[in-house]
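Data first, discussion second: the structure below is written as structure tokens.
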Amino acid sequence: MTFKPTRRSVLTGAAALAATPGLAIAQAPSSAQVVVIGGGFAGATCARYLHRAGVKVTLVEPSAQYISCPFSNAVLAGLRDLKDQTFTYDALAREGVAIARVEAAAIDRDARRVTLSDGATLAYDRLVLAPGIDLRFDALPGYDLAASEIFPHAWKAGAQTTLLRRQLEAMADGGTVVISAPANLFRCPPGPYERASLIAHYLKTTKPKSKLLILDAKDAFSKQSLFTAAWKELYGDMVEWVGLSAGGKVTEIAPGEKTFVTEFGKHRADVGNVIPPQRAGRIAVSSGIADQTGWCPIDPVTFEARQQPGVHVIGDAAIAGGMPKSAFAANAQAKACAQAVTLMLRGQAAPSPKLINTCYSLVAPDYGISVAGVYQPAKGLLTDVAGAGGVSMAKAPASVRAAEAGYAEAWFKTITHDVFG
């Protein structure tokens, strides 16, 4: 199905971000206490909407600021400043959300208690985990924390984003940029390919003799036909993608030699970007809420962890079936979870949610593409609602691509305001 965004569809999506039906009606018992761990798009949203529903909630988040991964690829291309990606929790605090600025160290599920890194404890009636991802530095031989200072991952926005940007600036014209993309599952499925696109835009405009190589551990990726058509149209032979069956899976990193090793050979990089395999954030793994895959299975109606009563998981850490790991998905799940938790605290059943996700990608500053989907619980997972989503049209005129780039910017402003105020 082809999806052609309109002003109406964008405004409808913005409205979906701004409100969740039922939260203003379903008030929790005054004694109930909920703890939310993690202050990203999922955790901060959930804490805010729980508070608005009258729940006593504490958000556990050690950082005073949140640096957004969505739109951080534009920082790599010199199109945005990292300060434009940085948000505080001041608005949540002003609204009345209690914030514990320390790390969650452990969870005692039997006692329903969270121990913080400073030794303090928080009791809870229900716990919401939104710990995001951890990078699996043990999963790719040769790639560890030290190697990330040579080949940045930049998959958690901040210092790594700045480092990769500086390396791109320092690279001589005619150099080679290599990006290693992981196998599924990982945060933001279209992210590596948007990154490749915007780096290619930077190279085309400032270092046109350079080349960008994508080594991929899979043969298919999100919005693939749209990306590859755009690369050909905008960047010619500057961008090369090598999939799994053609030898694209990276099996080893040799940072000292600045080399990516695959089953078919070696590729030297002047600038290398390794996006490593991932799993749920540490607290979900250490507390036994993640399964053998490294991710957290959930009930798709309530987001309660399987076989872990009283604990809910939202955002990137959750196994959400067909729903991708994206900021839009995290925000939507957080609102549905907040409603479910509020009702469950009252002894009421949570309604079956219907959730929306739209993911925009920039191929160039004025060239946007998107994929949209609607999801509902079925057979124990969140599954696509047939015929309810789609992707940007192929061979669209430049005006449509430019409009989608504008929609992407509007979406980012809308969601960050909804989450962080």
I'm trying to understand the selection: among the residues of region 294-311, which are within 18 Å of the chain's Cα centre (by Cα) and in contact (Cβ under 8 Å) with a residue 24 or more places away in the chain? Gly294, Trp295, Cys296, Phe303
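Given the condition outside the structural domain of Gly294 (by TED's automatic domain parsing), assigned to a loop (DSSP other than H, G, I, E, B), of a type outside the set (Val, Ile, Thr) and in contact with a helix residue (DSSP H, G or I) (Cβ under 8 Å, 6 or more places away or on another chain), answer yes or no: does some residue in region 120-128 qualify?
no
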Given Ser326, Ser352, which one is touching a residue at least 40 places away in the same chain (Cβ under 8 Å) and surrounded by fewer than 24 Cβ atoms within 10 Å (Cβ to Cβ)? Ser352
In region 53-96, anything of a type in the set (S, T, N, Q) and touching a residue at least 60 places away in the same chain (Cβ under 8 Å) is listed as Thr58, Ser68, Ser72, Asn73, Gln85, Thr88
All but one of (1) within 23 Å of the chain's Cα centre (by Cα); (2) surrounded by fewer than 21 Cβ atoms within 10 Å (Cβ to Cβ) hold for Lys266, so report the exception by its number. (1)
Subset of region 153-193 (residues that are surrounded by fewer than 18 Cβ atoms within 10 Å (Cβ to Cβ) and hydrophobic (A, V, I, L, M, F, W, C)): Ala159, Leu163, Ala170, Ala172, Ala183
Does region 181-194 contain at least one residue that is assigned to a helix (DSSP H, G or I), under 21 Å from Gly294 (Cα atoms) and out of contact with any strand residue (DSSP E or B) (no Cβ under 6 Å at 6 or more places or on another chain)? yes
Leu213 versus (1) in a strand (DSSP E or B); (2) of a type in the set (A, V, I, L, M); (3) crowded, with 23+ Cβ neighbours inside 10 Å: which is the lone unmet condition? (3)
Can you name every residue in region 299-343 that is touching a Lys or Arg at 6+ places or on another chain (Cβ under 7 Å) and of a type in the set (A, V, I, L, M)? Val311, Val341
Expected single match for surrounded by 19 or more Cβ atoms within 10 Å (Cβ to Cβ), of a type in the set (D, E, K, R) and farther than 14 Å from Thr302 by Cβ among Asp418, Asp366 is Asp418
Condition met for Glu194 (touching a Ser or Thr at 6+ places or on another chain (Cβ under 7 Å) and closer than 27 Å to Ala402 by Cβ): yes
Failed item in (1) more than 23 Å from Ala47 (Cβ to Cβ); (2) aliphatic (A, V, I, L, M); (3) modelled with pLDDT of 95 or more; (4) not in a strand (DSSP E or B), with Ala350 passing the rest: (1)
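The values are calculated or read from the model by the stated rules, or taken from the named source; none is laboratory data. Predicted model, so just to flag it, every value in this text is computed and none were measured. A quick note on method: Cβ atoms are made from the backbone with ideal geometry, for glycine too, and the neighbour counts reach across all protein chains shown.
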